[in-house]
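*Asks:* Sending over a structure as structure tokens; questions will come in a sec.
The values are calculated or read from the model by the stated rules, or taken from the named source; none is laboratory data. Small disclaimer: the values here were computed from a predicted structure and weren't measured. Cβ coordinates were reconstructed from backbone atoms using ideal geometry, including for glycine residues, and neighbour counts include every protein chain displayed.
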């Protein structure tokens, strides 16, 4: 009886994070909902050829749904009100890979069933930008930097960790958890020795508002430098590397 009491019929706005096979004809589908956070739904009969909600549970789908939601365990989707798809992401293997990675990071960064409307909105904007042709690597870097605090890692991108000056060249120090100005480079012999262009984008990406993003020009050299330092921070400080990241790394090996 408690099982029935906990379920509540509700309308929610969701972005489909991933699907997973479950039993012979069913699917488990995870949504980031704006109202209730991340939720796992059991969809009975989803593998059947004539399943009536097939279009509503395709990868990179978002929209308004109705379902029986539970605080714990599996919820159920009953119907949908309106849906749409990120067609550009679906059709492009590179956009697909980066979008999947971003969603994986959000899934790992937050507990289920905790409302995170800010990140729902951020994800919607970010995926829309990628879908519309904005550089998917840059959008991904922005999410990676801004999600660090959700993982409990909060580098100080504003000023020197020691003297708090802001007017000198910086480098990044893992030991100090942020920036060091050139007057204190000697405090960390293992600082990352980053060029100032990379530092500029790390600082910019930590505060940039996706709703106001118009265009960002970045050289391949700076992209590679950013990729290296962000990977190092996630490996050493966060300790989380989603499986979807491996595919992006493989894609990079085939670029000329």
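*Asks:* Within the stretch 216-224, does at least one residue satisfy the condition of being under 24 Å from residue 118 (Cβ atoms), in the same structural domain as residue 108 (by TED's automatic domain parsing) and modelled with pLDDT of 95 or more?
*Replies:* no
*Asks:* May I ask you to list the residues in the stretch 183-203 that are out of contact with any helix residue (DSSP H, G or I) (no Cβ under 8 Å at 6 or more places or on another chain) and part of a helix (DSSP H, G or I)?
*Replies:* Within the stretch 183-203, 183, 184, 185, 186, 187, 196, 199, 200, 203 meet the criteria.
*Asks:* Output the residue which, of all residues in the stretch 202-222 that are within 18 Å of the chain's Cα centre (by Cα) and surrounded by 12 or more Cβ atoms within 10 Å (Cβ to Cβ), is farthest from residue 176 (Cα to Cα). First the steps, then the outcome.
*Replies:* Step one: of the stretch 202-222, the residues within 18 Å of the chain's Cα centre (by Cα) are 202, 204-211, 213.
Next, from what is left, pick out any that are surrounded by 12 or more Cβ atoms within 10 Å (Cβ to Cβ): 202, 204-206, 208, 210, 213.
Working: 202: 16, 204: 20, 205: 20, 206: 17, 208: 23, 210: 28, 213: 30 Å.
Among them, the one singled out is 213.
*Asks:* Output the number of residues of the stretch 129-182 satisfying the condition of being more than 29 Å from residue 116 (Cα to Cα) and assigned to a loop (DSSP other than H, G, I, E, B).
*Replies:* Total meeting the criteria: 11.
*Asks:* Here's something else I'd like to know. Do we have residue 99 as touching a residue at least 24 places away in the same chain (Cβ under 8 Å), part of a helix (DSSP H, G or I) and either assigned by TED's automatic domain parsing to the domain that holds residue 241 or in contact with a helix residue (DSSP H, G or I) (Cβ under 8 Å, 6 or more places away or on another chain) (or both) here? Break it down stepwise before answering.
*Replies:* Details: touching a residue at least 24 places away in the same chain (Cβ under 8 Å): yes; part of a helix (DSSP H, G or I): yes; either assigned by TED's automatic domain parsing to the domain that holds residue 241 or in contact with a helix residue (DSSP H, G or I) (Cβ under 8 Å, 6 or more places away or on another chain) (or both): yes.
Yes: the conditions hold for residue 99.
*Asks:* Have a look at 21, 55 and point out the one that is within 25 Å of the chain's Cα centre (by Cα), exposed (fewer than 15 other Cβ atoms within 10 Å of the Cβ), part of a strand (DSSP E or B) and not assigned by TED's automatic domain parsing to the domain that holds residue 118.
*Replies:* Numbers: 55 fails: part of a strand (DSSP E or B).
The conditions single out 21.
*Asks:* Could you please give the count of residues in the stretch 110-119 that are over 15 Å from residue 62 (Cα atoms) and either modelled with pLDDT under 95 or surrounded by fewer than 18 Cβ atoms within 10 Å (Cβ to Cβ) (or both)? First the steps, then the outcome.
*Replies:* First, pick out the residues of the stretch 110-119 that are over 15 Å from residue 62 (Cα atoms): 110-116, 118.
This time we only want the ones that are either modelled with pLDDT under 95 or surrounded by fewer than 18 Cβ atoms within 10 Å (Cβ to Cβ) (or both), so: 111-115, 118.
Going through the stretch 110-119 one residue at a time, the tally reaches 6.
*Asks:* All but one of (1) within 19 Å of residue 226 (Cα to Cα); (2) in contact (Cβ under 8 Å) with a residue 60 or more places away in the chain; (3) crowded, with 20+ Cβ neighbours inside 10 Å hold for residue 122; state the number of the condition that does not hold.
*Replies:* With (1) within 19 Å of residue 226 (Cα to Cα); (2) in contact (Cβ under 8 Å) with a residue 60 or more places away in the chain; (3) crowded, with 20+ Cβ neighbours inside 10 Å applied to residue 122, the lone miss is (1).
*Asks:* I've got another one for you. Condition (residue is modelled with pLDDT of 95 or more and within 25 Å of residue 199 (Cα to Cα)) applied to the stretch 55-78: is it met by at least one residue?
*Replies:* No, the stretch 55-78 contains no residue that is modelled with pLDDT of 95 or more and within 25 Å of residue 199 (Cα to Cα).
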